[in-house]
Amino acid sequence: MDWHRWHQGYQEGGKLQERLRIVQDQLRLALAAVPPGPVQIISVCAGQGHDVVGMVSGSERRGDVRACLVELDGRNVAEAQRRIDDADLQGFEVRQADAGITDTYDGAAPADIVLLCGEFGSLTDDDVESTVATLPQLCKERGQVIWTAHRAAPGLFEHASAAFERHGFVPVWKDPNDPFGVARDQLVARPREFRTGQRMFSFADEQTLIALGRTI
Ligand SMILES: C[S@@+](CC[C@H](N)C(=O)[O-])C[C@H]1O[C@@H](n2cnc3c(N)ncnc32)[C@H](O)[C@@H]1O
């Protein structure tokens, strides 16, 4: 998959525009729910940062937000950094690193808000499970996670939802009519101590994803 090209869907009239609107709405609501003061955000597999950079740059709380965007593709990292610089978001950093290991979040975790958008569709069910199981280490108390799991991928949204429930989260928002499968969950169990050296996921190869019906 060419992950730089994938972002063309964000262009005017592109298929990611409506998804972006929903994700940003949920991020706005999540941010409003964090008490006054500093806010830490982590974006896992952040791509070009359209969601978090676009939303926070127009927020009255932009000065409160520290954000860590993790992305592997150097072209997307450069584009995310350009957006951050253009928006003059001082508290933002982009880490070009593997988002699948906890070491990458050292110094950024735990967060008030974690974004996991456009990731589950590239993972096996086991890796969705281990990612969600690790989130209580990446979240502060009452931390919120905004995630997506396209509803056209058989069973994916249901599997991810069940994993969130198993690992101490409650659903805050989801819309059965939203084809992109955007959701917001909140940690109600106690956060777990952050530990480095743990692998949460690796993107699966194309044959595996075809077999799972994930290539949509
Ligand atoms: C479907 S895109 C989603 C991007 C962004 N979250 C969004 O919704 O616009 C998935 C992104 O994950 C990145 N990626 C894939 N494997 C990664 C890894 N192990 N660590 C960090 N980023 C990764 C890709 O380069 C790509 O930009």
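The values are calculated or read from the model by the stated rules, or taken from the named source; none is laboratory data. Nothing here was measured: the structure is a model prediction, and the numbers come from that model. All Cβ positions, even for glycine, are placed from backbone atoms using ideal geometry, and neighbour counts span all protein chains on display. Side chains are part of the model used for accessible areas, which takes the heavy atoms of the whole protein and leaves out ligands, DNA and RNA. Shrake-Rupley method; radii C 1.70, N 1.55, O 1.52, S 1.80 Å.
Miscellaneous remarks
- Residues of the stretch 1-40 that turn out to be basic (Lys, Arg), open to solvent by 70 Å² or more (accessible area, probe 1.4 Å) and in contact (Cβ under 8 Å) with a residue 24 or more places away in the chain, as a count: 1
- Restricting ALA80, ALA46 to those that are part of a loop (DSSP other than H, G, I, E, B) and surrounded by 15 or more Cβ atoms within 10 Å (Cβ to Cβ) reduces the list to ALA46.
- Qualifying residue in the stretch 30-37 (condition: away from the ligand (no atom under 14 Å from the Cβ) and in contact with a Ser or Thr (Cβ under 8 Å, 6 or more places away or on another chain)): yes
- Candidate set: the stretch 137-177, residues that are part of a loop (DSSP other than H, G, I, E, B) and open to solvent by less than 10 Å² (accessible area, probe 1.4 Å); chosen: the one modelled with the highest pLDDT: ALA149
- Residues within the stretch 3-24 that are part of a loop (DSSP other than H, G, I, E, B) and either within 19 Å of the chain's Cα centre (by Cα) or basic (Lys, Arg) (or both), tallied: 4
- Test: residue in the stretch 69-77 that is open to solvent by 40 Å² or more (accessible area, probe 1.4 Å) and more than 16 Å from the chain's Cα centre (by Cα): yes
- A Cβ distance below 7 Å, combined with a sequence gap of six or more or placement on separate chains, defines the contacts here; from the stretch 102-118, residues that are within 21 Å of THR148 (Cβ to Cβ) and aromatic (Phe, Trp, Tyr) reach no residue that is open to solvent by 10 Å² or more (accessible area, probe 1.4 Å) and modelled with pLDDT under 95.
- Check on ASP86, open to solvent by 50 Å² or more (accessible area, probe 1.4 Å), farther than 21 Å from ARG214 by Cβ and over 18 Å from the mean Cα position of the chain (by Cα): yes
- One residue alone among VAL182, VAL128 is more than 12 Å from the ligand (Cβ to nearest atom), open to solvent by less than 10 Å² (accessible area, probe 1.4 Å) and closer than 23 Å to LEU20 by Cβ, and that residue is VAL128.
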